[in-house]
Amino acid sequence: MRKWSVLLAILISATLFCACGAQSRQPAKADDAVMNQESELPEEDELSDEEQPLPTKEEMLLAASPMTTEEIEKSMDNLAYAKSLIGNTYTFGGEILSVAEDHAVIHIAAMKDRYFYMVYSGGIVANLYLPTDVLVPLELEQGFSFVGKLDDVHTSEEALPGGGTMQVLEMEFKSAAIVSDRFERTGTLHSRNEDYGVNAWNVEFPGSRYMGVVHFRDDVSAYQGEEITYSYKSTSEGAVDAYILE
């Protein structure tokens, strides 16, 4: 009888131990499930370059520095140097060469004060990826000032009209924006140029042997011989829609 009592006590103890063990393991499984769920959440640092948000125009302008003539000329002669500029944010000027489905191709130019001037010592273009509503109204040879973050640099071979090829340096700006379509410049109002219209004038610039033709909105003859600062747009017809800044 005593032997059966001892066996019964052992069976009861074993049953209670198994029940307690099962209860103690359940929270552990729940905690593991929570940890696994949390580990599946995407980390912000793990986003690919394509998934990273593009900087706004305002953010780029805060970080930008003007692209210089020296940087443009050295980039055309030294691809390694050009690639060292990747990641920099620049302001620069340029004229529209062509417009593709998702980007505009411009002949890149350096900014000087509040106007841009072209660098003709070689072929250098920028591919600017812009929204469709910005691309649609663009016209060839329009001039703009831009801001953009340089993403890549590579070269291509372009056929020349008379035969042969020319190496072109292409700068890729996946993040880019138009800053303005107007520029300012200072020069001396020299003489009328009636070959180009009623209000077309030759303007002489400091340190230059050449004069530029500027199409003014109104009669500016009262300023002849004076140094003026004027605002203008750059188009296929040259400097147009100009007015003197007082």
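Within the stretch 161-246, report the trypsin sites (Lys or Arg not before Pro) that DSSP leaves as loop and that have at most 11 other Cβ atoms within 10 Å.
Qualifying residues, ordered by number: Arg209.
Using a simple spin-label model with points 7 Å from Cα along the Cα→Cβ vector, what separation in nm is obtained for Arg209 and Val134?
For Arg209 paired with Val134, the spin-label model returns 3.9 nm.
What ranking do Ile86, Ile106, Ile228, Ile124 get, fewest neighbouring Cβ atoms within 10 angstrom at the top?
Taking fewest neighbouring Cβ atoms as first place, the list is Ile86, Ile228, Ile124, Ile106.
Using label points projected 7 Å from each Cα along Cα→Cβ, tell me how many nm separate Asp77 and Tyr196, to one decimal.
The answer from the label model is 3.2 nm.
At a 10 Å Cβ-Cβ cut-off, how would you order Thr186, Thr132, fewest neighbours first?
So the ranking, lowest neighbour count to highest, is Thr132, Thr186.
Looking at the stretch 98-173, which trypsin sites (Lys or Arg not before Pro) are in a loop (DSSP not H, G, I, E or B) and have at most 15 other Cβ atoms within 10 Å?
Passing both the DSSP loop test and the Cβ count: Arg114.
Could you pull out every residue, at least 5 positions away or on a different chain, whose amide H is within less than 5 Å of the one on Ser180? Hs are placed 1.01 Å off N in the peptide plane, and Pro or chain starts have none.
Hits under the 5 Å cutoff: Ser145.
On full extension of the chain, what length is gained from Ser236 through Ser221, given 0.36 nm per residue of separation minus the C-alpha to C-alpha distance?
2.9 nm
Run the quick spin-label model on Thr229 and Glu58: label points 7 Å from Cα toward the beta carbon, then report their separation in nm to one decimal.
Result for the modelled spin labels: 2.6 nm.
How far is the Cα center of the stretch 181-210 from the Cα center of the stretch 78-154, in Å?
Result: 26 Å between the Cα centres.
Fully extended, how many nm does the chain gain between Thr69 and Arg114 (0.36 nm per residue separation, minus their Cα-Cα distance)?
14.7 nm
When a footprinting reagent is the concern and you count Cβ atoms within 10 Å, what order do Ser208, Ser236 take, fewest first?
Ascending Cβ contact count within 10 Å gives the list Ser208, Ser236.
Values quoted throughout were computed directly from the atomic coordinates according to the rules given, and no laboratory measurement underlies them. Every value quoted in this text rests on a predicted model; they were computed, and no experiment measured them. Reconstructed Cβ throughout: ideal geometry from the backbone, glycine too, with neighbour counts over all protein chains shown.
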